[in-house]
Amino acid sequence: MKRCNPLFSRARTLFVVFMLSCFAVNHVKAADREIGGYVDQAEDRFVRNVWNFIKNFQGWQSVGGNRWQEVQYFWAEPFEFNTNHQDFVDRMDLAYVAAHGSAYSVQTKQTPNTGVDLRSCPPYGDLSTGGDLEFMIIESCSTVASAPEAPAGGDWWTPWNPIFQGLHQLAGFRTLSYSDNGIPNRFANKLKANGGIWQSWFSAVDGERTFYSNGTYSEFPGYASAIIYTSTENDRLGSYAGDPAGGTAGMKTWWQF
């Protein structure tokens, strides 16, 4: 595991009706935090990936000084990430996405192929456009490009500048990844035990290092990555730092290899 610091080197609900989600948003306490799940309209495994995370937050779950609950569970659509982000991913405190992906990008629907490029999405977080998102987890191949994926000049941080305007942490995979396994449930339980956000993600991925298929055990192909700030590095559900200043100042990355 390595790190790098640039200073130094249609929506259709699956199980939750949106109006009920809005009702919940309007009746939360100061220490109440909300979770949303967003599913690529492709393979069934993406439904299971998101459900196996958010099922652990049905009803308010107390973690440290905060309470967390799933209030959105939607088929993914581009507008949830861009034009209407303040009503969807950026209305949440934590968003969990399962999809096909590529560097910086998330598929929202397989046929016809649609998706979003996070480099061109609006700012996420409290600082710029009235959002609220602190943590985004994307379970997809290659989306969270890190230092090893940077061009020859080593600039991994600039592509992440647009969405980090109050966003504390983004975690996912920097490589191809295998899903429909124990990672989402394991990750949720580590968070509920008040583990660090990105640290729990890496640990959950490490717990799936081999998988059984067709009579043989194979090495799990996915390597996790995270984009964070020095000030938010130890955030957890029970307590987390104030919003960072936004942009790339103090931004850093961790990755597995």
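The values are calculated or read from the model by the stated rules, or taken from the named source; none is laboratory data. Being a predicted model, the structure only gives us computed values, none of them experimental. Reconstructed Cβ throughout: ideal geometry from the backbone, glycine too, with neighbour counts over all protein chains shown.
Which residue is farthest from residue 178 (Cα to Cα), if the candidates are limited to segment 138-153 and must be part of a loop (DSSP other than H, G, I, E, B) and at pLDDT 95 or above?
In the first step, residues of segment 138-153 are kept if they are part of a loop (DSSP other than H, G, I, E, B); the result is 140-146, 150-153.
From the residues that got through so far, the ones that are at pLDDT 95 or above too are 140-146, 150.
Details: 140: 9, 141: 8, 142: 11, 143: 14, 144: 15, 145: 17, 146: 19, 150: 23 Å.
Top of the filtered list is 150.
Step by step: first the residues of segment 112-137, then only those that are outside any loop (DSSP other than H, G, I, E, B) and among the small types (Gly, Ala, Ser), then the one that is nearest to residue 235 (Cα to Cα). Which residue is that?
Let us first name the residues in segment 112-137 that are outside any loop (DSSP other than H, G, I, E, B), namely 114-120, 124, 135-137.
Next, from what is left, pick out any that are among the small types (Gly, Ala, Ser): 115, 120.
On the way: 115: 29, 120: 26 Å.
Among those that are outside any loop (DSSP other than H, G, I, E, B) and among the small types (Gly, Ala, Ser), it is 120.
Please tell me if residue 249 is assigned to a loop (DSSP other than H, G, I, E, B) and under 17 Å from residue 93 (Cα atoms). Reasoning before the result, please.
Working: assigned to a loop (DSSP other than H, G, I, E, B): yes; under 17 Å from residue 93 (Cα atoms): no.
For residue 249, the condition - assigned to a loop (DSSP other than H, G, I, E, B) and under 17 Å from residue 93 (Cα atoms) - is not met.
Run down 59, 101, 64 and say which single residue is under 24 Å from residue 185 (Cα atoms) and touching a Cys at 6+ places or on another chain (Cβ under 7 Å). Steps first, please.
Details: 59 fails: touching a Cys at 6+ places or on another chain (Cβ under 7 Å); 64 fails: touching a Cys at 6+ places or on another chain (Cβ under 7 Å).
Just a single option satisfies the conditions, and that option is 101.
Checking the conditions here, which among 223, 229, 217 is of a type outside the set (S, T, N, Q) and touching a Pro at 6+ places or on another chain (Cβ under 7 Å)? Lay out the reasoning, then the answer.
Details: 223 fails: touching a Pro at 6+ places or on another chain (Cβ under 7 Å); 217 fails: touching a Pro at 6+ places or on another chain (Cβ under 7 Å).
Answer to the check: 229.
Taking segment 196-241 as the search range and keeping residues that are in a loop (DSSP other than H, G, I, E, B) and within 22 Å of residue 251 (Cβ to Cβ), which one is farthest from the chain's Cα centre (by Cα)? Write out each step before concluding.
Kept after step one, since they are in a loop (DSSP other than H, G, I, E, B), are these residues of segment 196-241: 207-209, 214-215, 220-223, 233-235, 237-238, 240-241.
Next cut, within 22 Å of residue 251 (Cβ to Cβ) only: 223, 233-235, 237, 240-241.
Numbers: 223: 15, 233: 15, 234: 16, 235: 14, 237: 14, 240: 16, 241: 18 Å.
Among those residues, the one meeting the criterion is 241.
Which strands (runs of 3 or more DSSP E) sit wholly inside segment 36-111 and have at least 1 residues that are among the charged types (D, E, K, R) and modelled with pLDDT under 95? If you could, list the steps in order and put the result at the bottom.
Values: elements: 61-63, 66-75, 94-98, 105-109.
Answer list for segment 36-111: none.
Can you name the residue in segment 59-74 that is among the polar types (S, T, N, Q) and closer than 24 Å to residue 108 by Cα and is also surrounded by the most Cβ atoms within 10 Å (Cβ to Cβ) among such residues? Break it down stepwise before answering.
So the first thing to find is which residues in segment 59-74 are among the polar types (S, T, N, Q), and the list is 61-62, 66, 69, 72.
Those left that are additionally closer than 24 Å to residue 108 by Cα: 69, 72.
Values: 69: 16, 72: 27.
That would be 72.
For segment 174-195, does any single residue satisfy the condition of being in a strand (DSSP E or B) and of a type in the set (Gly, Ala, Ser)?
Taking segment 174-195 first, the residues in a strand (DSSP E or B) are none.
No, because not a single residue in segment 174-195 is in a strand (DSSP E or B) and of a type in the set (Gly, Ala, Ser).
Of everything in segment 11-35 that's of a type outside the set (Val, Ile, Thr) and at pLDDT 50 or above, which residue is nearest to residue 95 (Cα to Cα)? Walk me through how you get there before you give the answer.
Taking segment 11-35 as the starting set, the residues that turn out to be of a type outside the set (Val, Ile, Thr) are 11-12, 14-15, 18-24, 26-27, 29-34.
If we keep only those that are at pLDDT 50 or above too, we end up with 31-34.
On the way: 31: 17, 32: 15, 33: 11, 34: 9 Å.
Going through the qualifying residues, I end up with 34.
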